[in-house]
1. Quick query: amide H of Gln54 versus all other amide H atoms, modeled in the peptide plane; which residues come in under 5 Å with a sequence gap of 5 or more or a different chain?
2. How much accessible area per residue does segment 104-228 have, counting only protein heavy atoms and a probe of 1.4 Å, in square angstrom?
3. Is there a quick way to get the dipole size of segment 258-315? I mean about its Cα centre, with the Cβ of Lys and Arg at +1 and of Asp and Glu at -1; what is the value in debye to the nearest 20?
4. Could you list log10 I(q)/I(0) for segment 192-319 at q = 0.09, 0.12, 0.13, 0.16 Å⁻¹, which the Debye formula gives when each Cα is one point scatterer?
5. Apply the Karplus parameterisation 6.51 cos²θ - 1.76 cosθ + 1.60, with θ equal to phi minus 60°, to every residue of segment 257-268 and state each ³J(HN,Hα) to the nearest whole Hz, in sequence, with x for glycine and proline.
6. Asp143 to Arg229: FRET efficiency via 1/(1 + (r/R0)^6), r the Cβ-Cβ distance, R0 41 Å, to the nearest 0.05?
7. Could you work out Rg/(2.2 N^0.38 Å) for segment 331-378, with Rg from alpha carbons only?
8. Just to be sure I understand the model, the point goes 7 Å from the Cα along the line to the Cβ. What's the resulting Arg98 to Val46 distance in nm?
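The values are calculated or read from the model by the stated rules, or taken from the named source; none is laboratory data. Predicted model, so just to flag it, every value in this text is computed and none were measured. Cβ sites come from the backbone with ideal geometry, for glycine too, and all protein chains shown count toward neighbours. What goes into the accessible areas is simple: the full protein's heavy atoms, side chains included, and nothing from ligands, DNA or RNA. Shrake-Rupley method; radii C 1.70, N 1.55, O 1.52, S 1.80 Å.
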Amino acid sequence: MTTTQHSLPLDGTQDAQEPDCDLAIVGGGLAGGMIALAVSKLRPDVKILLIEEQDVFGGDHIWSFFASDIPQEAGWLIAPLIAYGWRGYDVIFPERQRHLDERYYSITSERFDQIIRENLREDQRMNNAPVKAVVPDSVALQDGTIISAKGVIDARGIKNITGLECGWQKFCGQSLQCSEPHGLTRPIIMDATVDQKDGYRFVYCLPFSPTEVFVEDTYYSDTPDLDPRILRQRIAQYADEQGWKVERVVREETGLLPVTIDGDFKKFWEAQPGNTARAGGRSGLFHGLTSYSLPDAVRFALYVASLPRLDGERLAEASKHYAEQHWRSGSYYRMLSKMLFRATPPNDRYSIFQHFYRLPAPLLGRFYAGQSNWRDKLRILIGKPPIPIKSAMQALFKRS
């Protein structure tokens, strides 16, 4: 696309000429891509530009979700992105094994990139465009190009956790091509029968085909330290224990997600410079315990598309207000995270999830969607607790 070359510094002042677009979305990952798809469909009058620093949209990821994570009115947005789907899933713990009939789906980055390109014209998207700075009405690229816009959303992911106290969810996942059928017909969301190391450890499996399975080694850990070499060895060991004949590794991804225990939202927001609208992890839009962001990415995309005005300052105010509400509504999940990380010995944390999976399936669905009602919240806490009450109370009332 053609952009206007400005000689003025990127200081947030409005240029007199017509802007290059109405809405510039910086970051072509999950959050930014969802906004672009929603606005382009629901607001075809809005001239958008999705800016991504890499050569593909969506990076190199697999995002998975339960059917109940997504509101029915968003089905049109999420359905084209789905690469795989199953009619149920399993969880396996030392003292509990359960099959649930909830539908489960996965989106691959390849499918995400394909849908973005099919639905956004060439003048609505830009790849290989590293960004230097953003303000509410313009974006400065590293090559000196300045893109003017009526409004800008920064969706480049979480870069600064100042103000937040966090544990960490870290993982390494590999898609394994086997020479013989692996035998799985539905996902294993958590297999916690593996050796408990570095916090709560579980293995996550997605059968992509009779001979291809995605295996992820995941940890709820106190530290962000992640050594992919060790996790690769553990994935290989797990595959060998299942009797799978692995021919090759098709793909690999690693990740590090903050699990919010406590924090000061104002400090978190103000630690990131500028008064630009934000989305995704950069605005704290992720689940307080699971750290998953897909349901929030969908909801926020629809929210942005519903706004009557998308100009810079108003858009920034709207995104901050939305993020503040999300932070307040997530206090219960942060409380559970605090109990998990502060009250439970690292290698016993699996017992929290094992206890959790005794609950009714609809409650589990609302929990993962971040939509627990007050009855759900009470039900999760009642019953014989897997950790001593005294330890739980000490964790909840301990100051950071």
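1. Under 5 Å from the amide H of Gln54 lie the amide H atoms of Asn128, Ala129, each far enough along the sequence or on another chain.
2. Roughly 37 Å² per residue, with all protein chains present.
3. 120 debye
4. For segment 192-319, the Cα-only Debye profile gives -0.42, -0.67, -0.74, -0.93.
5. Values, residue by residue: 10, x, 10, 6, 9, 7, x, 10, 4, 4, 5, 4 Hz.
6. It comes out at approximately 0.70.
7. Computed over Cα atoms of segment 331-378, the ratio equals 1.17.
8. My value for the distance between the label points is 3.9 nm.
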